[in-house]
Amino acid sequence: MSTYRRITDIQADIRSGKTSCVQLVKEYIARIEAQKHLNAFLEVWADEALEQAERVDQKFKTGNAGRLAGAVIGIKDNLAYKGHKVSAASKILEGFESLYTATAVQRLLDEDAIILGRTNCDEFAMGASNENSAFGPVRNAADPERVPGGSSGGSAVAVQANLVHATLGSDTGGSIRQPAAFCGLFGIKPTYGLISRWGLLAYASSFDQIGPLTHSLEDNMLLTEIMAGSDEHDATVSDRSAPRYQLDTADKKYTFAVMRQAVEHPGLDADVKQETESLIASLQAQGHQITYFDFEYLDYLVPTYYLLTTAEASSNLSRYSGLLYGHRSPNATDLESTFTLSRTEGFGEEVKRRIMLGTFVLSSDYYDAYYSKAQKVRRLIQNKTREVLSSADAILIPTTSTPAFQLGEKSKNPIAMYLADLFTVQANIAGNCAISIPTATTAAGLPIGMQLMCGEFEEQKLYQISAEVLRVCQ
Ligand code: GLN
């Protein structure tokens with residue numbers, strides 16, 4: 001089967017008659033079937049995708065195909081798509097169907113994308129390995145004994161194994177970038193407020209952002225551009241006009257700020273360290289400037305993230321009570337046992353842990369000591385991030401401290417799992433944009449991702465600098 005890196009290449013082949021949307025969808029369906037052991041998809045909407053493919057093929061013939069015509073896409077199972085099931089990979093939502101479509105998904109459909117199915121993920125997007133799904137873990141296609149990263153693990157593997165052309169994920173603390181790094185893809189966490197969260201099942205509302213996972217930088221730009229822009233359903237989306245991203249070929253030199261504590265971190269894997277150092281040397285050799293900065297808050301990143309996100313999660317997830325929708329315990333006898341049993345039976349262990357932690361940090365006795373304090377530290381981290389970016393074009397650090405780890409390696413130790421988020425949570429705490437780009441592969445064939453961060457609403461610059469880093473790596 002043909003594999004494509006760019007949507008524009010697919011469109012060229014459709015226009016010249018080499019392939020068609022129907023043929024592509026059939027190929028993807030066969031591929032998903034053949035790669036079932038990866039567990040990337042929770043549901044495939046085959047008939048519907050084939051009908052949509054026929055419609056889009058017609059549009060190619062009549063010359064009015066949209067910008068995403070020919071792109072077959074998977075969506076993370078926490079995005080609403082009207083009339084389709086959505087479960088956040090949780091038993092508590094088993095059988096639930098969306099009543100409306102997420103703005104981000106609708107904007108893809110409006111440009112003639114074909115949505116093929118919903119992808120597996122950690123339950124309610126809580127995890128870094130995709131082992132917290134109620135429907136089993138996802139396996140990394142580079143090594144099926146290893147995790148794909150999380151929480152958008154199914155979205156990453158679906159692209160990595162060419163089960164669809166691109167996918168949507170969500171990133172609250174690294175859930176797009178970390179799986180992108182583990183699976184050799186491009187994954188962006190856009191600036192908070194660039195893309196509407198309407199129709200994204202909330203985990204931590206002041207952190208969550210939707211973004212694409214793709215084989216190429218060009219597709220990543222295109223999908224982000226199409227999804228971005230104001231939305232009457234989400235007041236947190238910036239109302240600045242929708243962006244237009246373009247790579248310009250002018251030879252420009254950039255200043256990269258490298259976090260000293262990250263590159264000298266004792267937990268940094270030898271291959272990741274070597275790749276970071278060689279990238280820095282190559283950038284310098286090409287005339288770019290490297291400056292090092294001290295980030296005194298490194299040890300506070302993960303605690304700040306987990307205090308604030310669990311607090312928000314405990315509030316957001318209170319709607320899953322067994323009353324309004326989703327799982328209701330058949331053993332309940334009154335109101336209280338409906339709440340208790342439905343939640344006990346419906347939620348997995350990690351989700352329960354976070355709801356309890358979040359409820360604790362919001363309780364009146366501990367609110368000031370934990371929640372308010374974490375908010376203050378959030379501001380310090382944001383100020384420091386802005387300060388560094390005021391004298392550099394981008395921050396450069398590895399996306400993760402190691403390549404993909406073994407299935408089961410961290411699942412019994414929540415703290416070890418939380419530390420997997422060390423390099424990714426900063427951008428969610430501060431709100432700025434960050435991308436993971438695949439720059440190398442270890443001798444064992446495991447992908448390594450490098451992370452670039454720019455300021456708020458600087459996606460154009462982030463993409464431009466990413467293109468330069470890729471050029472330098474080649
Ligand atoms: N791994 C992080 C967590 O477990 C990030 C999750 C995410 O970005 N959704 O919360």
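The values are calculated or read from the model by the stated rules, or taken from the named source; none is laboratory data. Remember, predicted model here, so these are calculated numbers, not experimental data. Note that each Cβ is placed from the backbone with ideal geometry, even for glycine, and that neighbours are counted across all protein chains shown. Just the protein is used for accessible areas: all its heavy atoms, side chains included, with ligands, DNA and RNA removed. Shrake-Rupley method; radii C 1.70, N 1.55, O 1.52, S 1.80 Å.
In the context of the full protein assembly, Tyr306 retains an accessible surface of approximately 20 Å², using a probe radius of 1.4 Å and ignoring ligands and nucleic acids. 3J(HN,Hα) couplings calculated from phi for segment 235-250 with the Karplus curve 6.51 cos²θ - 1.76 cosθ + 1.60 (θ = phi - 60°) are, in sequence order, 6, 8, 7, 5, 9, 4, 5, 4, x, 10, 9, 8, 8, 9, 9, 4 Hz; Gly and Pro show x. Per-residue Karplus couplings for segment 42-55, computed as 6.51 cos²θ - 1.76 cosθ + 1.60 with θ equal to phi - 60°, are listed in order as 8, 7, 10, 9, 4, 4, 5, 5, 5, 5, 4, 4, 4, 4 Hz, Gly and Pro entered as x. This model, with +1 at the C-beta of Lys and Arg and -1 at the C-beta of Asp and Glu, gives the chain a dipole about its Cα centre of some 200 debye.
Straight-line cross-link partners of Lys376 among the lysines, defined as a Cα under 28 Å from its Cα and at least 8 positions apart when in the same chain: Lys189, Lys352, Lys384.
For Ala440, the residues whose amide H sits under 5 Å from its own are Ile448, ignoring neighbours fewer than 5 places away on the same chain, with H placed 1.01 Å from N. Whole-Hz Karplus values for segment 255-271 come out as 9, 9, 9, 9, 7, 4, 5, 7, 6, 9, 5, x, x, 6, 4, 4, 5 Hz, taken residue by residue from phi with 6.51 cos²θ - 1.76 cosθ + 1.60 and θ = phi - 60°; glycine and proline positions read x. Probing with 1.4 Å while keeping every protein chain in the model, the per residue accessible area of the chain equals 39 Å². Distance between the modelled labels on Lys373 and Lys91, one decimal in nanometres: 3.6 nm (7 Å Cα→Cβ projection). Start at zero, step by 10 Å, and the Cα-Cα distances of segment 317-387 spread as 18, 31, 26, 17, 7, 1 percent across the bins.
Per residue, the convex hull around the alpha carbon atoms of the chain comes to 145 Å³. Taking amide H as placed 1.01 Å from N in the peptide plane, the amide H of Glu94 sits under 5 Å from that of His327, each at least 5 places away or on another chain.
In the calculated pair-distance distribution of segment 424-474, the portion above 19 angstrom amounts to 33 percent of the Cα-Cα pairs. In segment 247-405, the alpha-carbon atoms span a convex hull of 180 Å³ per residue.
Calculated translational diffusion coefficient of segment 199-318 (4 °C, 1.567 mPa s; Stokes-Einstein with Kirkwood radius over alpha-carbon pairs) equals 70 µm²/s. For the pair Arg319 and Phe293, the difference between a 0.36 nm per residue extended length and the Cα-Cα distance amounts to 5.1 nm.
Taking the DSSP beta bridges with both ends in the chain, the antiparallel portion is around 65 percent.
Approximating the spin labels as points 7 Å out from Cα along Cα→Cβ, the Thr441-to-Glu43 distance works out to 3.5 nm. Measuring gaps between exposed loop sites in the chain (GluC sites (Glu not before Pro); DSSP loop; at most 14 other Cβ atoms within 10 Å), the longest gap, sites not included, is 297-474.
Taking all protein chains as they are arranged and a probe of 1.4 Å, the heavy atoms of Met259 leave approximately 0 Å² accessible to solvent.
Dimensions of segment 109-171 based on its C-alpha atoms, expressed as ranges along the principal axes with the largest first, amount to 35, 25, 19 Å. Measuring r between the beta carbons of Tyr300 and Leu335 and using R0 = 41 Å, the FRET efficiency lands at 0.50.
D by Stokes-Einstein for segment 1-144, Kirkwood Rh over Cα pairs, 37 °C, 0.692 mPa s: 205 µm²/s. Restriction of the trypsin sites (Lys or Arg not before Pro) in segment 20-125 to DSSP coil positions whose beta-carbon has at most 16 other beta-carbons within 10 angstrom yields Lys82. P(r) tail, segment 81-127: Cα-Cα pairs separated by more than 17 Å, 40% of all pairs. Around the amide H of Tyr81, modelled in the peptide plane, lie the amide H atoms of Ser98, Ala102, all under 5 Å away and 5 or more residues distant in sequence or on another chain.
For segment 322-474, the average shadow cast by the Cα convex hull is 13.7 nm², which is a quarter of the hull's surface. Accessible surface of the chain, 1.4 Å probe: 49 percent of it comes from carbon and sulfur atoms. Shown is the FRET efficiency for Arg386 and Ala416, computed with R0 = 41 Å from the Cβ-Cβ distance and rounded to the nearest 0.05: 0.85. Net charge dipole, segment 201-273: roughly 380 debye, given to the nearest 20, about the Cα centre with Cβ charges of +1 for Lys and Arg and -1 for Asp and Glu.
Apply the Debye scattering formula to segment 101-243, with a single equal point scatterer on each alpha-carbon and no solvent, then give log10 I(q)/I(0) at q = 0.14, 0.21 Å⁻¹. For the requested q values the scattering log ratios are -0.58, -1.29. Mean residue ellipticity at 222 nm, helices only, the chain: -12000 deg cm²/dmol; runs of at least 4 DSSP H residues each add -39,500 (n - 2.57), and the sum is divided by the number of residues. Pairs of C-alpha atoms in segment 211-268 farther apart than 20 Å represent 57 percent of all such pairs.
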